1. Run GLY226 past the list (1) surrounded by fewer than 24 Cβ atoms within 10 Å (Cβ to Cβ); (2) touching a Leu at 6+ places or on another chain (Cβ under 8 Å) and report the number of the one that doesn't hold.
2. Search segment 174-232 for residues being of a type in the set (Ser, Thr, Tyr) and in contact (Cβ under 8 Å) with a residue 24 or more places away in the chain, and hand back the single one that is nearest to LEU23 (Cα to Cα).
3. Being of a type outside the set (S, T, N, Q), surrounded by 20 or more Cβ atoms within 10 Å (Cβ to Cβ) and within 18 Å of PRO262 (Cβ to Cβ) is the filter here, so list the residues in segment 275-300 that pass it.
4. Every residue in segment 20-38 that is part of a loop (DSSP other than H, G, I, E, B) and touching a strand residue (DSSP E or B) at 6+ places or on another chain (Cβ under 7 Å), please.
5. Output the residue which, of all residues in segment 71-128 that are in a loop (DSSP other than H, G, I, E, B) and of a type in the set (A, V, I, L, M, F, W, C), is nearest to LEU176 (Cα to Cα).
6. I need the full set of residues from segment 301-326 which are surrounded by 20 or more Cβ atoms within 10 Å (Cβ to Cβ) and either under 15 Å from VAL261 (Cβ atoms) or of a type in the set (Lys, Arg) (or both), in order please.
Amino acid sequence: MQDIGDLIAMKKNIQDLLKERILVLDGAMGTMLQRYKFTEEDFRGERFKDWESPLQGNNDLLSLTQPEAIAEVHRKYFAAGADIVETNTFSSTTIAMADYNMEELVYDLNYESARIAKMVADEFTAKEPNKPRFVVGSIGPTNKTASMSPDVNDPGYRAVSFDELRIAYKQQVEALLDGGSDMLMVETIFDTLNAKAALFAIEEVKEERNIEVPIMVSGTITDASGRTLSGQTAEAFLISVSHIPILSVGFNCALGASQLVPHLEVISAKTNHAISAHPNAGLPNAFGEYDETPDQMAAQIKEYAEKNLVNIVGGCCGTTPEHITAIAEVVKEFKPRPLYVNR
């Protein structure tokens, strides 16, 4: 578990760094794991060889069954120039893990994922003390939405309640912090009510443990309408999460780098929080693959820096260490977006 003094120092450290330069987040864990071509047996490992449900595709489980692969991906991203890596916990809630009948494993999944990432971060920080590396606990949206009905014939029906989400997120947050996460990121938000449950859970844990934890919030604009899946514009999304003491707010996934520019312009002009962006490597092709090269993506992210829109940049679906290297190389020439309020 993080010591309160360490977490307070971490917050100051991150704040100081955000004023000095644009920080770089890692790229896609899933894209990298696909390269390993893990089989059902690889996902199961010895511990889950007799599990009753199919497990292939449960990437979060690989933190338990293929931990060295997870560590290796983190190393590649840090070596590529990332300051921050995300834990391999995008789906590590009881709600999402119900698909695999693995609700009971949620603590282990989050704890081990954070521990692995922190171990690698400490390796790199020890080698380069002037470039400290950080771990952000990844908190995904779950596979259920609290604002909308999954049944077109019953608009009032909800597959999950706010309280069910809050309890699930709280379990995840506690384990992520116990495992060594420096920060937390509520990400890929398509339904802000889900995000509010996660942020409420984080505040509960902070109060119970008497700690401060830097929090990143990252929404998803789902299409050309410029709205989240639950119907919010970029500005409405910003306003709806601004009552929480957060480190940064921004967008990831769904769109490529160029399509995010107008939405980043909106929120950058209306908040004193740091602004983050980790877009996909373009839009998916007919086969669901991402074709944007590192140079192409870096050229688009250069526009963010030229317009003074961002403090943290990285990559989402389809991005690799090569993309992160190109992005890190581009943004190092630019000053970060000014932060007017020290939170």
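The values are calculated or read from the model by the stated rules, or taken from the named source; none is laboratory data. This is a predicted model, so every value here is computed, not measured. Positions of Cβ are backbone-derived with ideal geometry, glycine not excepted, and every protein chain shown enters the neighbour counts.
1. Status for GLY226: all satisfied but (2).
2. Only one residue tops the list, namely SER218.
3. ILE275, ALA277, HIS278, PRO279, GLY282, MET297
4. Quick first cut of segment 20-38, residues part of a loop (DSSP other than H, G, I, E, B) only: 21-22, 26-28, 35-38.
Within segment 20-38, ILE22, ASP26 meet the criteria.
5. Just the residues of segment 71-128 that are in a loop (DSSP other than H, G, I, E, B), to begin with: 81-83, 87-93, 101-102, 128.
Going one step further and asking which of them are of a type in the set (A, V, I, L, M, F, W, C), we end up with 82, 90, 102.
Numbers: ALA82: 20, PHE90: 11, MET102: 17 Å.
Once the filter is applied, the top-ranked residue is PHE90.
6. ILE301, TYR304, ALA305, LEU309, VAL310, VAL313
A quick yes/no check of all residues on (1) within 17 Å of TYR304 (Cα to Cα); (2) assigned to a loop (DSSP other than H, G, I, E, B):
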residue: SER225; (1), (2): no, yes
residue: SER240; (1), (2): no, no
residue: HIS263; (1), (2): yes, no
residue: THR271; (1), (2): yes, yes
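Here's the yes/no breakdown for (1) at pLDDT 90 or above; (2) under 22 Å from ALA168 (Cβ atoms); (3) surrounded by 15 or more Cβ atoms within 10 Å (Cβ to Cβ):
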residue: VAL205; (1), (2), (3): yes, yes, yes
residue: ARG209; (1), (2), (3): yes, yes, yes
residue: ILE215; (1), (2), (3): yes, yes, yes
residue: THR233; (1), (2), (3): no, no, yes
residue: SER240; (1), (2), (3): no, yes, yes
